C-alpha cells in the first residue's frame, strides 16, 4: 500500500486556494463577459442604437454572469422569425471570443490571487 505524505497540508492549501478563487471569480467572470458584451454591441443590428446600448453584463451568482439585453425585439433579431431572417449578434460574439474569455478569466484570477 502506498503512503502519501503531506496530504493534510495539501488539503489545507487547496481549501485556501478554493476560497481565494471563490472570492475573485465574480470579478474574473465579469471581465471575460465584457469581451462578449463589447463584441456583441459592435455586431448588433443598428437603427436607433437602443439595442446596442441595452446589451449589458449582470452577475447571476458567484459562478455565473449573463450577457444580454432586455429589449423586447432582441430575440427576433438574434433568432429570426417566420418572416425575418436571423441577424445573430450575441451568439457569434460568444463563439468567436470563447478562448479569449477563458484566457481573460484565468489572467484575472491569477492577478487577483497574487
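Just for segment 28-49: of the residues that are in a loop (DSSP other than H, G, I, E, B) and in contact (Cβ under 8 Å) with a residue 24 or more places away in the chain, which one is farthest from residue 109 (Cα to Cα)?
By that ranking, first place goes to 45.
Of the residues in segment 67-93, how many are without any contact (Cβ under 8 Å) to a residue 24 or more places away in the chain and not in a loop (DSSP other than H, G, I, E, B)? Of the residues in segment 67-93, 7 are without any contact (Cβ under 8 Å) to a residue 24 or more places away in the chain and not in a loop (DSSP other than H, G, I, E, B).
Looking only at residues that are exposed (fewer than 11 other Cβ atoms within 10 Å of the Cβ) and in a helix (DSSP H, G or I) in segment 1-11, which one is modelled with the highest pLDDT? Checked segment 1-11; the qualifying residue modelled with the highest pLDDT is 9. Within segment 50-66, which residues are within 17 Å of the chain's Cα centre (by Cα), buried (at least 18 other Cβ atoms within 10 Å of the Cβ) and farther than 23 Å from residue 110 by Cα? Across segment 50-66, the qualifying residue is only 55. Considering (1) closer than 30 Å to residue 16 by Cβ; (2) in a loop (DSSP other than H, G, I, E, B), the lone condition that residue 102 does not fulfil carries the number (2). Just one of the numbered conditions (1) surrounded by 14 or more Cβ atoms within 10 Å (Cβ to Cβ); (2) modelled with pLDDT of 95 or more is not true of residue 70: (1).
Among the residues that make up segment 106-114, is at least one of them closer than 30 Å to residue 21 by Cβ, touching a residue at least 60 places away in the same chain (Cβ under 8 Å) and over 18 Å from the mean Cα position of the chain (by Cα)? Yes, segment 106-114 contains at least one residue that is closer than 30 Å to residue 21 by Cβ, touching a residue at least 60 places away in the same chain (Cβ under 8 Å) and over 18 Å from the mean Cα position of the chain (by Cα).
The values are calculated or read from the model by the stated rules, or taken from the named source; none is laboratory data. If you're wondering where the values come from, they're calculated on a predicted model, not measured in any experiment. With ideal geometry, Cβ positions are generated from the backbone for all residues, glycine too; neighbour counts draw on all protein chains shown.
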